[in-house]
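As structure tokens, the structure follows; a few thoughts come after it.
The values are calculated or read from the model by the stated rules, or taken from the named source; none is laboratory data. Since the model is a prediction, treat every value here as computed from it, not as a measurement. Reconstructed Cβ throughout: ideal geometry from the backbone, glycine too, with neighbour counts over all protein chains shown.
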Amino acid sequence: MCLGDPTVRRLVSLASADLKRRLGPKSPVPEVKAVAPVDWPDAGLGCPEAGKLYAAVVTPGYRIELESGGVRYRYHTDRARVKLCTGGTSRA
């Protein structure tokens, strides 16, 4: 994991806050399971939404895996935003 980088720490914090908001205040605090740099093939960050068009430009970012309540959640990022990949949940 590359949690020493301030950009990565900020993105992990954004992803954790987003997951906590989605799961509710009584959910367990999300635990960081993995962080890896990725060059996404387009601005969809590897999680395209149906009917949306994305700029076809290589987009540097990260894949962040969080776990809460025994379920893993996958976030994809660029250098500024985080996006929950809805197909990215699994039982831990």
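Quick look at the values:
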| read-out | value |
| --- | --- |
| Residue identified as more than 14 Å from residue 84 (Cα to Cα), modelled with pLDDT of 95 or more and surrounded by 12 or more Cβ atoms within 10 Å (Cβ to Cβ) among 58, 38 | 38 |
| Yes/no for residue 44 being without any contact (Cβ under 8 Å) to a residue 12 or more places away in the chain, assigned to a loop (DSSP other than H, G, I, E, B) and surrounded by 14 or more Cβ atoms within 10 Å (Cβ to Cβ) | yes |
| Residue 84, sole failed condition from (1) of a type in the set (A, V, I, L, M, F, W, C); (2) surrounded by 16 or more Cβ atoms within 10 Å (Cβ to Cβ); (3) at pLDDT below 95 | (3) |
